Amino acid sequence: TFDDEDDELSQLKESKRAVNSLRDIVDDDDDDLERVSWSGEPVGSISWSIKETASGSTSSLEGRDSSLQKSSSSSSSFPKQVSSYSLSSLFKGRNKLPSFQSLSDALTDTGVKNYAPELRRPRAEYKDYSSDWSPRDTVRRMQRGKVCSLERFRSLQDKLVLLDEAVAGHDGNVITAVLIFLKRTLRREILFRELEVRQVALCHLIHFLKETGEQKFLLDLLRFLDRTEEVALSQYREHLNIQDVEKRREFLKGCIGLPFSAEDTSHIQDHYTLLERQIIIEANDRHLESSGQSEIFRKYPRKASILNMPLVTTLFYSCFYHYTEAEGTFSSPTNLKKTFKIPDKQYVLTALAARAKLRAWDDVDALFTTKNWLGYTKKKAPIGFHRVVEILQRNNAPVQVLQEYVRLVEDVETRLNLATKYKCHDVVIETYRDLKDRIQLTAYKCKVERGSAEEEKINSILNN
């Protein structure tokens, strides 16, 4: 028959439209749940649908099959119409077969010819997720990692309720996702005004903008909140992205006038002054190194540029290469100490490390030698002589140099421990002598070499 109501192809087209409409409505997560009938076939599959409908309509199908066969034989001159709709385009299932049969082949294989089964399920079995979820349900769904659209929340009130629900859920990912949606759909003034009374969401947005590098949006937000110091710090942080030294120097010069706190203003000024000083030192030292005029640069070639280095690194560099220069030069260590107000402890530690690395023991000695008003000299260390000994030993100082500074350690127990650890025998012997400890001195006699000067010294003390 060629009647439209009985045409198999028209039925297929209707089924195709029904499935396509379901595909836009039903959520993808429904595919994760698979119901199974008593026969073991997944409910809703093509084979289950055919078997279910076949049992109730066998008699009517047989009469219809005969009419279809007669029509087919009487119109043999027409080419056979083969369905171009595969199972994958009709049914949204998890069929893992390597290839899909056409619908007509599937009907033939079951032994019972039938039309496409009823595809539309009751509306109670699905929800239109793009319009039916409340803000709370949407947030809960996002917390479980489900995909859902936020575009349905069009009014400002709905968007704010959604944000409040996200904050109440204490899930940072959800809060950030909602904030990205609000940032895209709200004007800046409205978004800033609403976030001003929602500090948790505000902190999340500020952190997100810092991570993503949206500097202009962040500055607008901080200006709206009247956080002038944060605005200045955010602008100052931009110097990290400037690779050219001259451009960075000019940028830092412009940052000095920003509304920093008093302490931060002094830091910005020092940063600019230090970079300016480094540029001068770098140009001069590069010339000396290339021309070969300086012995220290020939003996110890520079491993890296001094540009953009911290203050302590710059001081170490200056103590290493320019220790004897007059205070009036920019590369002089004493000039750096005075300009940047470097504390005595920091200066002594850095200078000691630099001169000990060069094995300049006379400079080390001069670093700790002071004179009193009567003209007498004595050694004094603001960092403690036990730390001096450790730094000297780390730079492979000879035993004679170590012993001189171990003797200056005031605490007796610390002095004995250091002298024993670094094998300063004379210091150990003299300390036990001053303590008049014969037992320890006799025991230490076994630790020195036989016939050595240390053994003779111990015997002389014991016999006295």
**Report entry** Entries of LYS210/LYS357; LYS210/LYS253; LYS338/LYS379; LYS337/LYS379; LYS303/LYS379 with Cα pairs more than 31 Å apart
**Finding:** LYS210/LYS357; LYS303/LYS379
Report task. List the GluC sites (Glu not before Pro) within segment 337-446 that fall in a DSSP loop (any state other than H, G, I, E or B) and whose Cβ has at most 11 other Cβ atoms within 10 Å. Result -> GLU410
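Once R0 is set to 45 Å, what does the formula 1/(1 + (r/R0)^6) return for the Cβ-Cβ distance between GLN243 and GLU189, expressed as a FRET efficiency to the nearest 0.05?
On the way: r = 36 Å, r/R0 = 0.80.
Using R0 = 45 Å, I get an efficiency of 0.80.
Are there trypsin sites (Lys or Arg not before Pro) in segment 219-281 that DSSP puts in a loop and that have at most 16 other Cβ atoms within 10 Å, and which ones? Display every interim value, and only then the final one.
On the way: sites: ARG223, ARG227, ARG237, LYS247, ARG248, ARG249, LYS253, ARG277; in loops: ARG227.
Loop-located and lightly packed - ARG227.
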Report summary line: Shape call for segment 233-296, from the Cα gyration tensor axes a ≥ b ≥ c (a/c under 1.5 means rounded, otherwise prolate when a/b beats b/c, else oblate), comes out prolate
Query raised in the report: Pulled fully out, how much extra length does the chain show between ASP437 and SER290, if you take 0.36 nm times their separation in residues and subtract their Cα-Cα distance?
Result: 46.8 nm
Query raised in the report: R0 = 30 Å: FRET efficiency of TYR376 with THR339, Cβ-based, nearest 0.05?
Result: 0.40
Query raised in the report: Going through segment 279-365, which GluC sites (Glu not before Pro) have at most 11 other Cβ atoms within 10 Å and a DSSP loop state?
Result: GLU327
Report task. Starting from the Cα-Cα distance between SER134 and SER155, subtract it from 0.36 nm times their residue separation and give me the gain in nm to one decimal. Result -> 6.2 nm
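Please go through the residue pairs LYS378/LYS445; LYS345/LYS380; LYS421/LYS447; LYS423/LYS447 and name each one whose alpha carbons sit more than 21 Å apart in this structure.
Working: LYS378/LYS445 32 Å; LYS345/LYS380 12 Å; LYS421/LYS447 12 Å; LYS423/LYS447 10 Å.
Correct reply: LYS378/LYS445.
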Query raised in the report: What number comes out for the charge environment of PHE260, summing +1 per Lys or Arg and -1 per Asp or Glu over other residues with Cβ under 11 Å away?
Result: -4
Query raised in the report: If you take the beta carbon distance between THR369 and THR324 as r and set R0 to 22 Å, what does 1/(1 + (r/R0)^6) give as a FRET efficiency, to the nearest 0.05?
Result: 0.85
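Report the extension gain between ASP411 and ILE180 in nm, rounded to one decimal, defined as 0.36 nm multiplied by the number of residues separating them, less their alpha carbon distance.
Values: separation 231, 0.36 × 231 = 83.16 nm, distance 6.29 nm.
Difference between extended and current length: 76.9 nm.
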Query raised in the report: For segment 241-342, what percent of Cα pairs sit more than 21 Å apart?
Result: 38 percent
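Bear in mind that the values in this text are calculations on the coordinates, not laboratory data. All figures in this text were calculated on a predicted structure; none of them were measured in a lab. Positions of Cβ are generated from backbone atoms using ideal geometry, with glycine treated the same way; all protein chains shown enter the neighbour counts.
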